[in-house]
Every structure is written in structure tokens, then in C-alpha cells.
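Contents: one structure, followed by commentary.
The values are calculated or read from the model by the stated rules, or taken from the named source; none is laboratory data. Quantities reported herein were computed from a predicted structural model and do not represent experimental measurements. Here the Cβ positions follow ideal geometry from the backbone for every residue, glycine too, while neighbour counts run over all protein chains shown. These accessible areas exclude ligands, DNA and RNA; they are computed on the full protein's heavy atoms, side chains included. Shrake-Rupley method; radii C 1.70, N 1.55, O 1.52, S 1.80 Å.
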Amino acid sequence: MTSPQDLKATISHGLLSFPLTDFDAQLNFAPKPYAERLEWLMPYGATALFAAGGTGEFFSLEPKEYSDVIRVAVETCKGKMPIIAGAGGPTRVAIQYAQEAERLGAQGILLLPHYLTEASQEGLVAHVQAVCRSVKFGVIVYNRGACRLTPESLLKLADTCPNLIGFKDGIGDIESFVSIRQQLGDRFSYLGGLPTAEVFAGAYRAMGCPVYSSAVFNFIPKTAIDFYNAHASGNTATTDRLIREFFLPYIALRNKGHGYAVSIVKAGATLAGHTAGPVRPPLSDLKPAEVDELGALISRLGPQ
């Protein structure tokens, strides 16, 4: 098993990504295409993959499907690519997912928000503590939605949960993030987690967070890696050009529909010749004209 500190070292550099989960026409999990997707993506050079994460539609998976997704990911990527599993929902459910991911051989989990109910800081701390204490491998907490942790709460978690090794921010509150980064220092590995993270990568790097996860890696992996390498080397001419020519129009298209942050990635994968099938309700797929618009954007980037 990968130790929490080894996982922390792994995710502290390089590009991270969330593979899509493949569904067939009847919206059932399709294990063979999913394995083929991972085999296609691995050679491009991401540092780790988050199986059954947000872009992987964790929220729509049944428990057995979740096990199947993690099992296929671990078996396909064994010895080649670390797999970090999504886990979330109410505390006892999140514990079950975390323990199942550990049993199946994942290297750690990304603890997704508990979803609907607002919670106090005390409640959030107790929730994260319970999940961390239920497993031995590394845990990354996703600061997003209903889970918004303060620096004080994270200091408490850092003291009580040695296997909590990562903080992924999906909120974008600059004051809060700077305070967390300054107070927690190198205790955590910090990951940028806003949708279409490339647009925010420069700002996050300036705040002490050089690493982010890329959704577009699912359909333009070469461009995603090129952007990360330019970002890491300070090549702002390249990052500015890609933001201007691709990412800003892409975001405008993504913002045309609720839930399109996932749907547009599935549409992109289909256009790239690696379809993952449709999204599951309550998400909805892009409209045909929107798919055409996305195709025109992708064509500007050249071969992937």
C-alpha cells in the first residue's frame, strides 16, 4: 500500500486528472471501454488519476458500480499510474466508500462534499476525522460546495489526522486560501480544483498552489499537458494564448447549461474518438449545435 506521505509527494507535482466514467446506451457502466480510456490516457504523462471523481460522475454511481469502477481502474493502472478514488456523501456512506477503495488497492481517496445539508465547522471536522480514521491510506479533502473548511478547522484536522495529506480547493476564495496556505504551510499538498482549472492556474500558483486537476485532459490530453508544462516553466506566452484561443470560449460554452462542466467533457471525448457515452440524469448532454461549437474549438488545437 502507498503510504500517505508517498501519496502527498506524488500529488505535489505534475498534472492530475479525473477520467470520465464510461456508460453504454442504456446508461450502464461499461468496464471494457473504461479500461481502454485509461490505457489511452496514461502515456500522456499525468501524475495521478482520480477514478469515480466529480467528472467521473461519482454522484450517480450505485455502490456496486463504484466498486467496479475502482477495481477496473486499479487493475488497469497497476504499477503504471496511482489511482485516487472519489468518496463522499454522508459520513457513514463516505466511510464505506473509503474502505472499499482501500480494499480494492487504490492509493488514496479524494473526500468529496457531503452534499445537501449545511454543516457547522465542528460537524465538518468530525466528518473528515471519521473518514480519515476509518482507513490507513492518504486522504485529500475537497473544499467545495457544502464543505468549506476554515484555517482553524484545518489546523485541528492536521493535528488529529496524520493521513490527511491534501487540500483541494474548489471555491476560489482568495483570502481564505491564502490564510490556509500561510497557516498550514507544507503540512498539506495543495491542489487547484475549480472547474476548468487552467484559467485559474496562474493565480493559484502565485498563492502557493502549483498543482491542479484538468478535466480537458479527457479529450485534449496533449494540449492539457502542454499547458501544464508551460504553466510549470513560467511560459506565459503559451498559457495566455491557449486561455485566449481555447479556454475562454470553452468556458462560455460550458456556462450555457447547468451541469455542463461534466457534459461538455463527455462531448469532447466523443469528438476525440473516445466516447464515454452519455451522462446520467440529472445531468443532460450538450445540444447538437453546442457539440458542433465545441468541435470547432477543438479543431483549432491540432492533433492530440
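Things to note:
- Oblate is the label for segment 1-139, because the ratio a/c of its alpha-carbon gyration tensor axes (a ≥ b ≥ c) is 1.5 or higher and a/b is not greater than b/c.
- Cβ-based charge dipole, segment 193-292, positive-most Cα from 217, 255, 284: 284
- Mean accessible surface per residue for the chain, computed with a 1.4 Å probe while every protein chain stays in place, in Å²: 42 Å²
- Simple label model, 7 Å out from Cα along Cβ direction - residue 80 to residue 160, nm: 4.1 nm
- Counting Cα-Cα pairs of segment 121-216 in 5 Å increments starting at 0 gives whole-percent bin shares of 3, 14, 26, 25, 18, 10, 3, 0.
- Here the translational diffusion coefficient of segment 171-304 follows from Stokes-Einstein with Rh set to the Kirkwood radius across Cα pairs; for 4 °C and 1.567 mPa s it amounts to 82 µm²/s.
- Averaging Cα coordinates gives a centre for segment 1-21 and one for segment 136-186; these two points are 16 Å apart.
- Cβ-based charge dipole, segment 1-83, positive-most Cα from 48, 21, 60: 48
- Among 178, 131, the sequence by solvent-accessible area, most first, with a 1.4 Å probe is 178, 131.
- CD proxy at 222 nm, helix term only [per DSSP H run n ≥ 4: -39500 (n - 2.57); per residue of the chain; nearest 500]: -13500 deg cm²/dmol
- Using C-alpha pairs below 8 Å separated by at least 6 residues, the relative contact order for the chain is 19 percent.
- Efficiency of FRET between residue 245 and residue 40 - r from beta-carbon atoms, R0 30 angstrom, step 0.05: 0.75
- Within-13-Å neighbourhood charge of residue 37 [Cβ basis; K, R +1; D, E -1]: -1
- Summary value for segment 166-304: 19 percent relative contact order, contacts being C-alpha pairs under 8 angstrom separated by 6+ residues.
- Virtual paramagnetic centre 7 Å along Cα→Cβ of residue 1, amide N under 17 Å, in segment 52-95: 71, 74, 83-87, 95
- Taking a straight line from the alpha carbon of residue 136, these aspartates and glutamates sit under 17 Å away, with near neighbours fewer than eight places off in the same chain left out: 6, 100, 102, 159.
- Value of relative contact order over segment 1-151, rounded to a whole percent, pairs C-alpha under 8 Å and six or more apart: 23 percent
- Computed over the chain, the P(r) curve from all C-alpha pair distances, binned at 10 Å from the origin, holds 6, 30, 37, 23, 4, 0 percent per bin.
- In terms of accessible area, using a 1.4 Å probe and ignoring ligands and nucleic acids, 299, 176, 120 rank largest first as 299, 120, 176.
- Cβ-Cβ distance of residue 118 and residue 91, R₀ of 25 Å, FRET efficiency by 1/(1 + (r/R0)^6): the value works out to about 0.95.
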